[in-house]
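The values are calculated or read from the model by the stated rules, or taken from the named source; none is laboratory data. Only a predicted model underlies this, so the values are computations on that prediction, with no experimental measurement involved. Neighbour counts run over all protein chains shown; Cβ positions are idealised from the backbone, glycine included.
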Amino acid sequence: MLRKLIVAALLFFVSTTPAALAAGDPYLFDLLRKPGYKTYRTAWRAMLKPERNLPTWLVRFSERGGSAVAGPSRWVTDGARRLRHATVCRAHNCGPDYVWVLFTADGKRAWALHILPGADGEQSRWYGKPDARMRALLQRLADE
């Protein structure tokens with residue numbers, strides 16, 4: 001949990017440096033709201049649509065850009081495919097409530113791993129029905 005708090009703080013500070021801002025890598029809220037990224041917004045909504053009992057902060061972020069913390073997206077690969085990786089976490093509570101998301105390069109498909117607090121510690125929730133390979137990549141990104 002402490003590691004996740006440190007990562008969240010580093011993401012914030014790194015993402016607000018002039019170099020990061022100049023790089024032009026879109027943040028998750030950009031991917032979900034700016035006109036040039038409509039396919040990403042559609043994939044995000046399709047990924048979450050079948051889900052029940054989503055946390056209020058995630059619903060608000062998805063619908064209106066509610067209070068959440070996000071860093072710039074970056075490109076990763078799963079061997080053959082290039083994927084856009086982005087993160088978002090609950091504002092003022094990033095450590096135990098964090099989402100790692102992957103989009104296909106064209107933004108038409110999305111998968112996510114949500115680590116959230118549970119009665120017995122952290123629990124994982126998967127969105128978008130990721131296969132074993134995608135789950136492994138999301139888990140590796142979460143462990144970084």
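For region 94-110, residues that are part of a loop (DSSP other than H, G, I, E, B) and surrounded by 16 or more Cβ atoms within 10 Å (Cβ to Cβ) total 6. With respect to the conditions (1) at pLDDT below 95; (2) under 13 Å from the mean Cα position of the chain (by Cα), Ala43 falls short on a single one, namely (1). Beta carbons closer than 6 Å, at least 6 apart along the sequence or on distinct chains, pair a first residue in region 70-91 that is more than 18 Å from Arg60 (Cα to Cα) and among the charged types (D, E, K, R) with a second that is at pLDDT 90 or above and part of a strand (DSSP E or B) for Arg74/His85; Arg82/Trp75; Arg84/Phe103. Go through region 51-89 and count every residue that is surrounded by 18 or more Cβ atoms within 10 Å (Cβ to Cβ) and among the hydroxyl-bearing types (Ser, Thr, Tyr). Residues flagged as surrounded by 18 or more Cβ atoms within 10 Å (Cβ to Cβ) and among the hydroxyl-bearing types (Ser, Thr, Tyr) within region 51-89 amount to 3.
Could you please let me know if Leu113 is more than 19 Å from Ser67 (Cα to Cα), part of a helix (DSSP H, G or I) and within 12 Å of the chain's Cα centre (by Cα)?
It is false that Leu113 is more than 19 Å from Ser67 (Cα to Cα), part of a helix (DSSP H, G or I) and within 12 Å of the chain's Cα centre (by Cα).
Specify the residue that is nearest to Thr39 (Cα to Cα); the eligible residues are those in region 117-131 that are surrounded by fewer than 17 Cβ atoms within 10 Å (Cβ to Cβ) and not charged (D, E, K, R). The residue in question is Trp126.
Only one entry in Leu83, Leu48 is under 14 Å from the mean Cα position of the chain (by Cα), under 23 Å from Asp25 (Cα atoms) and modelled with pLDDT of 90 or more, namely Leu83. Among the residues of region 116-144, those identified as part of a strand (DSSP E or B) and more than 15 Å from His85 (Cβ to Cβ) are Leu116, Pro117, Gly118, Gly121, Glu122, Gln123, Ser124, Arg125, Trp126. Annotation: Asp78 fulfils all but one of (1) modelled with pLDDT under 90; (2) under 24 Å from Asn93 (Cα atoms); (3) among the charged types (D, E, K, R); the unmet one is (2). Of all residues in region 48-72, those being in a helix (DSSP H, G or I) and more than 21 Å from Pro117 (Cα to Cα) number 2.
Only residues that are assigned to a strand (DSSP E or B) and over 13 Å from Trp44 (Cα atoms) were counted in region 73-90, giving 8. Note on region 26-47: among residues that are touching a strand residue (DSSP E or B) at 6+ places or on another chain (Cβ under 8 Å) and assigned to a helix (DSSP H, G or I), the one that is surrounded by the fewest Cβ atoms within 10 Å (Cβ to Cβ) is Ala46.
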